[in-house]
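Data first, discussion second: the structure below is written as structure tokens.
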Amino acid sequence: MTHLITIENLSLTIRKQKILNHINLKLKRGECLTLVGPSGSGKSSLALLILGLLKADTGTITFNLNSKTPRASLVQMIWQDIHSSLNPTMSTQNLIAEPLRVIGTYSKKEEKQQIYRVLELVNLPHTILNLKPYKLSGGQKQRVAIAKALVSNPKLLICDEPLSSLDTLNQSLILKLFQTIKQECNITLLFITHDMSAAYSIAETIAVLDKGLIVEHGPKEEIFSTPKHNKTQELLDAIPRFSLQPSPFDLSTSSPSTAYKDVLV
């Protein structure tokens, strides 16, 4: 499996504060790498660097895309605050079509085909296209945001805390949707979260970020079974346990470790 993105020695300072410090990371084509860490650890800043919206002090981000298509259409992001990321004055149809219109090479017929394709993928009816965001539920808004990110057929999808504004049921449904998207679209996912149970559910590989440093990185089974860093252990210990209800993240299908296989959230 070849690497889609290689990040080498990446550092970022904002207003004299060190945000990221010598980050080295590789994303394989078709994998889901979950970036886990507490608030303020630098997760979202790394995403903005990959998008090209911030400029690093040092280091490089190399894309192995083999395409003349601009990065903006090949790398898309689902923003943490879905309520402010969707323009309240625009219809759902125009929101989803926006990336295609920025690219500017799609006919009206092709645009419509792409919109219908992603609506089916995210399980939304065509009747939603004339509605504005304030008419949508939280789960529907998140699906619209996902459809908008997928409509230009990106190679990399960055998901910044996509579950944080959802209730438990919708968190479970959206996680399952991301799993389906990964399989059907042959897409690489960078999934950002502070929740280790969600990380285990979606990822093949986990990188733990703390105070601008990657303190642990490896296959999810290894991270869960033999955590090597105190911050990793702290994040694992924060997973809630409830003995009387099943896990919405369906962790029972795998065995993260003897200590954590019975975690229920």
- Message: Tell me whether region 120-139 contains one or more residues that are assigned to a helix (DSSP H, G or I) and surrounded by 22 or more Cβ atoms within 10 Å (Cβ to Cβ).
- Response: no
- Message: Would you confirm whether or not region 117-131 contains a residue that is assigned by the TED database to the domain that holds residue 166 and of a type in the set (Val, Ile, Thr)?
- Response: no
- Task: Output yes when any residue across region 80-95 is farther than 27 Å from residue 43 by Cα and free of Cβ contacts under 8 Å to residues at least 40 places away in the same chain, and no when none is.
- Result: yes
- Considering only residues that are modelled with pLDDT of 95 or more and among the polar types (S, T, N, Q), look in region 18-43 and name the one that is surrounded by the most Cβ atoms within 10 Å (Cβ to Cβ). 34
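The values are calculated or read from the model by the stated rules, or taken from the named source; none is laboratory data. None of the values given here were measured: they were computed from a predicted structure. A quick note on method: Cβ atoms are made from the backbone with ideal geometry, for glycine too, and the neighbour counts reach across all protein chains shown.
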